[in-house]
Every structure is written in C-alpha cells, then in structure tokens.
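One structure is given here, and the rest of the page talks about it.
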Amino acid sequence: MAHFTFARRTFVVRFWPALACVIVIAVCLSAARWQTARANYKQGLLDAYNEAQKQPALDLSDWGAETPSEFTRASVSGEWRSDALIYGDNQVRDGQAGYAVFMPLCKGVSRCVLVDRGWVLAGRVRTLLPDVQSPSGVQKVTGLVVRAQPRFVELSDDAVAGRVWQNVTVARARQATGLTLAPFILAQTGGPEDGLRRDDVKPEFGVEKHVVYVVQWYAFALVTAVSGVFAAMRKTGERT
C-alpha cells in the first residue's frame, strides 16, 4: 500500500481497487481511440462520396452484367413501360402513407433498367391506386445506383399482390414482367414535375454515431478516474 498526503490528512491507496481503476480507464481510452479511428474512416468515405457526386453522371444506358458501385451517380435513356408499373407498399413520408413507384425504362423492346421514380400519396380507398404520369418518347433519367436486392425482412410469403408489392427487387420484377432488367435499380433524383416526391438518396456513414461513442468513452474514463480515486483511498487520520 502507498501513502498519500493531501490537505493535512494522510491516506492509504489500496492496491486492488487502484489496479481495477487503472484497467477500466485503459479500456475506456482504448475504446475511445478505436472509435476515433472509425469516425475518421467514415468521414473519409463521406468525403469521397460527396466528391463523387460532383462528377458527371455515368451513362448506363448500355449496361452490362457488371453491377456499378452502389450510390454511383448515373443516367439511363429509354422509354417508360407504364404497363409494368409497380407500387412498393407501406411507404410513409411525413406521417402520410403512400407508395414507392417503380417502372422500367427500356431501350429497345425489352432491355430495361428498373427505376425507383419516387413516392406518391395513397388514396383514401386502398383499392384505388394513384395515377402516375409517364411522359412519352425517349427520356433521360438521372439518379443513383442502388441494390437490386434491397435489405428487408418479410413476415409473410404473400409479398406480391397485383401491382402492389411489399418489397421490390430486380429478380421479382424480371419474373413478373418478362423483361431483361439491369442488375441494379436506379433511384431517380431529378426530372420534370410529375407529381412524385423524390427524397435524397444518401448512404448512412454514421460519422456522428462514432463521435458520440468517443465522447461517451472519454466520459466513462473520467468518471472512473474521479470515483476510483475516492474508492481506492482510505483516510487514516488527521496529520500531526
């Protein structure tokens, strides 16, 4: 045991509480450093993403078997196949229920890209689906490449009912329409006024989450140090 004198009083530092305190502080500081590294890494990804969005859109009208990187800014040209319109169910915006609108944009008879055109408000009667305006002729659509198979969990096998689908994937659309579809979905980010709402499509890098963790771990280390000092000391009496 080590003796410690402060404010005219003598204390004895107990070994095991002090050791436990040091170990906990070391763990907290190590975790804080790791979270700092993760925050810096995610910030680098975010900076690269923002820089990539400033580049000209990649023309994917003549797409191939290779899937572009997710969130690549791209454009495709073709004609809308309104007969293959799909409504993605249970999409809520600002507390209002609606549908995500998916439609193939085709170059030629059947070579198409499945486009997430945006969001439309649902009607008061569920059996009456909202109308979607589809300009005729060749259209050029700009957007971001997203997964052909988005992440989702289905509680029922009854995921497709007519034009209303619980979850939309390229494989399901290919099977339902018989069209040759690109191995990705293009989330439209601009275009003419057509009554559809288009929100920003942006990956969640989680930089803020790691920053919060860093602050928490340093706070844990500080609290452990302060409380550990008192827990590891035993007052033996007034100094003479």
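Any read-out appearing in this document is the output of simple, stated calculations on the displayed coordinates, not a laboratory observation. These figures come from a predicted structure and were not determined experimentally. Here the Cβ positions follow ideal geometry from the backbone for every residue, glycine too, while neighbour counts run over all protein chains shown.
Observations
- Amide H contacts of residue 93 (H built 1.01 Å from N, under 5 Å, at least 5 apart or other chain): 98
- Too-long pairs where the Cα-Cα distance tops 20 Å, listed order kept, from 107/202; 54/202; 54/107: 107/202; 54/107
- Taken about its Cα centre, the chain carries a charge dipole of roughly 1420 debye when the Cβ of each Lys and Arg holds +1 and the Cβ of each Asp and Glu holds -1.
- Between residue 71 and 145, 146, the built amide H atoms are under 5 Å apart, and every one of these is 5 or more places off in sequence or on another chain.
- Alpha-carbon gyration tensor eigenvalues x 5, square-rooted, for the chain, Å: 60, 20, 15
- Anchor residue 42: aspartates and glutamates whose Cα lies under 18 Å away (excluding residues fewer than 8 positions away in-chain): 51, 70, 204, 208
- Here the contact order of the chain, divided by its residue count and restricted to Cα pairs under 8 Å and six or more residues apart, works out to 31 percent.
- Ranking 99, 85, 27 by how far each Cα lies toward the positive end of the dipole of the chain (charges on Cβ) leaves 27 at the top.
- Gain on full extension, evaluated as 0.36 nm per residue between residue 229 and residue 55 minus their Cα-Cα distance, stands at 57.1 nm.
- Segment residue 142-residue 208, length gained on full extension (0.36 nm per residue, minus Cα span): 20.8 nm
- For the peptides 22-30, 78-86, the ranking by mean Cβ contacts within 10 Å, running from highest to lowest, is 78-86, 22-30.
- Each Cα pair under 8 Å and six or more residues apart adds its sequence gap; the mean of these over the residue count of region 72-188 is a relative contact order of 33 percent.
- Each residue of region 78-92 is assigned a 3J(HN,Hα), and the resulting list reads x, 10, 5, 9, 5, 5, 10, 5, 10, 9, x, 7, 6, 9, 10 Hz, derived from the Karplus form 6.51 cos²θ - 1.76 cosθ + 1.60 (θ = phi - 60°), x at Gly and Pro.
- Taking amide H as placed 1.01 Å from N in the peptide plane, residue 166 has its amide H under 5 Å from the amide H of 89, 160, 161, each at least 5 places away in sequence or on another chain.
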